[in-house]
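Worksheet: one structure, shown below.
The values are calculated or read from the model by the stated rules, or taken from the named source; none is laboratory data. The shown structure was predicted, so the numbers you read here are calculated from the model rather than taken from an experiment. Cβ: placed from backbone, ideal geometry, glycine included. Neighbour counts: every protein chain shown. Side chains are part of the model used for accessible areas, which takes the heavy atoms of the whole protein and leaves out ligands, DNA and RNA. Shrake-Rupley method; radii C 1.70, N 1.55, O 1.52, S 1.80 Å.
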Amino acid sequence: MRLIWSFRSRAAVAALALSAALTVCAQPALKDAFEGVFLIGAALNEAQFTGRDTNAVALIKTHFNSVTAENVLKWQRIHPEPGVYEFELADKFVEFGVQNGMVIIGHTLVWHHQTPRWVFRNEDGSQVDRDTLLARMREHIHTVVGRYKGRIKGWDVVNEALDEDGRLRQTPWLRIIGDDYIAKAFEFAHEADPEAELYYNDFSLENKPKRDGAVALIKRLKAQGIPITGVGLQGHYTLNWPSKKQLAETIRAFSELGLKVMITELDVDVLPRADAHRGADLMVRYQHDPKLNPYTAGLPDSVQRKLAKRYADIFDVLVRHSDAVTRVTFWGVTDRDSWLNYWPMPGRTNHPLLFDRHYQPKPAFYAVLTSAEKAKKSANKTR
Ligand code: G3I
């Protein structure tokens, strides 16, 4: 009996792999469709860049020309204790990108999440002073950016430093160092790799109060001569938010400052939310509620169509602003990998990406390809 089951499950896995392989061959590649428009990226997890998830690797090699580390370059993962750096996985991630000729993005250097407590504490548990924290930040940035100099093309230097009202978020970085911690992080990153592109990355910048705060922050940085190349709009969207107008205005607001604009963590949450929160704040958490988990057996056609239309709308705005937008990175490859399966509520089945749990392209994938065709046609017309 056991033998039969194991044969059956192996046959099922083989069938899945075969159908994934056939799909990969049969589809036009996203990165080719958007060639000359913008880069198409994906955030990778460990199973993908180590080659364990072979079906995902096939999709990544076919469709994407840029990769971001979803987690392995975060402070907690790479520098868990004073003087201890764990580079093994980060090295594998970078090697994957190099081997496949992809544009590699480093995420992230200074963030209030995933930073171990020791960073802000003395050995006796008291809080460190400004100079100590600046020295730790500089040492971390120099070590990590320096190691991948010339291979990681751009860094999310500071992540999520703003509150929804546009003011600086109260974090240990701000409290201990002061307002200039952001400028310092960019200076240290520039010292470590003068050729690297340096980005400010955040979610919900499409909402005006937060966007205005970011514009003011970037103006201040630029006035001081701080080397900032671009702004990452994370792009954790829903079926209804942000509007096309909000997205277009946001891209323009940053490109008018002379910055490159990137969508750095794109996904579209299709599940009902427990509250009005529209961002990606990891502090927002709820207990599992089956009522808010309606699509465990798959996404109904009606919602699948809404998702496809939503992606078409988003990409229509992005291609219209392709003079400013240099890269669009999805936060994951298939629905099975997405963080939205466990945030803001654990144990849900979300469907936010272009490829489903069986590595198959969804209608949203074809909607995005259609946007690429439109972009090419209008580029030809204006030539
Ligand atoms: O806890 C979950 C568990 O419930 C789940 O079943 C399991 C599935 O693999 O994973 C779990 O562990 C999580 C881990 O990464 C998984 O890889 C951790 O709890 C969690 O803290 C960690 O989450 C990451 C999070 O950042 C915090 O670092 C997510 O994967 C990652 O997608 C997310 O990425 C952030 C960006 O860095 C910044 N912008 C927002 C974005 C989404 O939160």
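Yes/no per residue for (1) within 16 Å of the ligand (Cβ to nearest atom); (2) among the basic types (Lys, Arg); (3) open to solvent by 30 Å² or more (accessible area, probe 1.4 Å); (4) under 22 Å from the mean Cα position of the chain (by Cα):
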{"residue": "253", "(1), (2), (3), (4)": "no, no, no, yes"}
{"residue": "280", "(1), (2), (3), (4)": "yes, no, no, yes"}
{"residue": "297", "(1), (2), (3), (4)": "no, no, yes, no"}
{"residue": "314", "(1), (2), (3), (4)": "no, no, no, yes"}
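Residues of the stretch 90-114 that are within 16 Å of the ligand (Cβ to nearest atom) and open to solvent by 50 Å² or more (accessible area, probe 1.4 Å): 92, 114. Of the residues making up the stretch 118-125, not a single one is open to solvent by less than 10 Å² (accessible area, probe 1.4 Å), within 13 Å of the ligand (Cβ to nearest atom) and outside any strand (DSSP E or B). In summary, residue 158 fulfils each of the numbered conditions (1) assigned to a strand (DSSP E or B); (2) farther than 18 Å from residue 260 by Cα with the single exception of condition (2). Within the stretch 180-213, track down each residue that is within 15 Å of the ligand (Cβ to nearest atom), out of contact with any Ser or Thr (no Cβ under 8 Å at 6 or more places or on another chain) and over 27 Å from residue 351 (Cβ atoms). Listed by number, the list holds a single entry, 200. Residues in the stretch 324-353 that are under 21 Å from residue 243 (Cβ atoms) and part of a loop (DSSP other than H, G, I, E, B) were compared, and the one that is farthest from the ligand (Cβ to nearest atom) is 324.
All conditions but one from (1) away from the ligand (no atom under 14 Å from the Cβ); (2) under 15 Å from the mean Cα position of the chain (by Cα); (3) not β-branched (Val, Ile, Thr) apply to residue 41; the one that does not is (1).
Residue by residue through the stretch 256-292, note down the ones that are of a type in the set (D, E, K, R), outside any loop (DSSP other than H, G, I, E, B) and in contact with a Ser or Thr (Cβ under 8 Å, 6 or more places away or on another chain). Residues satisfying the conditions are 260, 265, 267, 269. The set of residues from the stretch 135-164 being of a type outside the set (Gly, Ala, Ser) and either within 16 Å of the ligand (Cβ to nearest atom) or buried (at least 24 other Cβ atoms within 10 Å of the Cβ) (or both) comprises 141, 144, 152, 155, 156, 157, 158, 159, 160, 162, 163, 164. Assigned to a loop (DSSP other than H, G, I, E, B), within 28 Å of residue 122 (Cα to Cα) and of a type in the set (Ser, Thr, Tyr) - does that describe any residue in the stretch 227-237? No, the stretch 227-237 has no match at all.
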